[in-house]
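Trainee: After the structure tokens below, expect a handful of questions from me.
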Amino acid sequence: MGILKMFHDWREVEEFDPEAVIFTEGDPADELYVILAGEVALTLHGESLGSERKGSIIGEMAMLESATRNATATARGKVKLAKIDRRQLQKLIRESPEFSLRAMTVLANRLRAVDQYISVQLDRQKPAQ
């Protein structure tokens, strides 16, 4: 079916203007988002973790572990997002293997980006020789 088709008629849709902050590190996580249009930049302590585009999911890590946000998400241009709360997420996970697989793929990619961020930080801390 495709993840975008799943959210074609989703009732909870939010739009953000260019450079609008969608969520910030440390914020409580009450929802995650599927990007329906546009691009979202993700940063950690002001450093880029990359960006996500149409069809991707953002905000999943904090939602899955009931934690606070560990990154900041900022709209790059006009962005349209499907907003998914905890109850809706649980239903999607139970009823849609396609959504579950997409969420796991996004999570794995996000972990790779954080691994890269950590490697860069560790390299910066090495004493000059």
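Trainee: In contact with a Phe, Trp or Tyr (Cβ under 7 Å, 6 or more places away or on another chain) and at negative phi: is that true of R94 in this structure?
Mentor: No; evaluated as a whole, the condition is false for this residue.
Trainee: Which of the residues belonging to region 38-59 are open to solvent by 30 Å² or more (accessible area, probe 1.4 Å) and of a type in the set (V, I, T)?
Mentor: Correct list: T43 only.
Trainee: Can you tell me which of A128, A67 is surrounded by 11 or more Cβ atoms within 10 Å (Cβ to Cβ), more than 13 Å from the chain's Cα centre (by Cα) and free of Cβ contacts under 8 Å to residues at least 40 places away in the same chain?
Mentor: Being surrounded by 11 or more Cβ atoms within 10 Å (Cβ to Cβ), more than 13 Å from the chain's Cα centre (by Cα) and free of Cβ contacts under 8 Å to residues at least 40 places away in the same chain holds for just one of A128, A67, which is A67.
Trainee: Going through H8, H45 one at a time, which residue ends up being closer than 23 Å to Y117 by Cα and either among the hydrophobic types (A, V, I, L, M, F, W, C) or out of contact with any Cys (no Cβ under 6 Å at 6 or more places or on another chain) (or both)?
Mentor: Selected residue: H45, the only one of H8, H45 that is closer than 23 Å to Y117 by Cα and either among the hydrophobic types (A, V, I, L, M, F, W, C) or out of contact with any Cys (no Cβ under 6 Å at 6 or more places or on another chain) (or both).
Trainee: Please determine whether any residue of region 85-103 is in a strand (DSSP E or B) and touching an Asp or Glu at 6+ places or on another chain (Cβ under 6 Å).
Mentor: So far as region 85-103 goes, yes, one or more of its residues are in a strand (DSSP E or B) and touching an Asp or Glu at 6+ places or on another chain (Cβ under 6 Å).
Trainee: Any idea which residue in region 1-14 is modelled with the lowest pLDDT, counting only those that are assigned to a loop (DSSP other than H, G, I, E, B) and open to solvent by less than 30 Å² (accessible area, probe 1.4 Å)?
Mentor: Filtering region 1-14 for residues that are assigned to a loop (DSSP other than H, G, I, E, B) and open to solvent by less than 30 Å² (accessible area, probe 1.4 Å), the one modelled with the lowest pLDDT comes out as G2.
Trainee: Then there's this: Answer yes or no as to whether M61 is outside any strand (DSSP E or B), farther than 21 Å from V13 by Cα and not small (G, A, S).
Mentor: no
Trainee: Residue pairs, Cβ under 6 Å, 6 or more apart or interchain, first in region 24-39 and within 15 Å of S56 (Cβ to Cβ) and free of Cβ contacts under 8 Å to residues at least 60 places away in the same chain, second assigned to a loop (DSSP other than H, G, I, E, B) and not aromatic (F, W, Y). List them.
Mentor: What qualifies is L32/G59; Y33/G59; I35/K54; I35/S56; A37/K54.
Trainee: Only residues that are open to solvent by 30 Å² or more (accessible area, probe 1.4 Å) and within 15 Å of P28 (Cβ to Cβ): list them for region 70-89, please.
Mentor: N70, K83, D85, R86
Trainee: Here's a follow-up. Does any residue of region 15-37 turn out to be part of a loop (DSSP other than H, G, I, E, B), at pLDDT below 95 and open to solvent by less than 20 Å² (accessible area, probe 1.4 Å)?
Mentor: Checking region 15-37: at least one residue is part of a loop (DSSP other than H, G, I, E, B), at pLDDT below 95 and open to solvent by less than 20 Å² (accessible area, probe 1.4 Å).
Trainee: Now a separate question. Could you identify the single residue in L49, L111, L42 that is out of contact with any His (no Cβ under 8 Å at 6 or more places or on another chain) and free of Cβ contacts under 8 Å to residues at least 60 places away in the same chain?
Mentor: The match here is L111.
The values are calculated or read from the model by the stated rules, or taken from the named source; none is laboratory data. It should be emphasised that the depicted structure is a prediction, and the values quoted were computed from it without experimental measurement. Cβ coordinates were reconstructed from backbone atoms using ideal geometry, including for glycine residues, and neighbour counts include every protein chain displayed. Side chains are part of the model used for accessible areas, which takes the heavy atoms of the whole protein and leaves out ligands, DNA and RNA. Shrake-Rupley method; radii C 1.70, N 1.55, O 1.52, S 1.80 Å.
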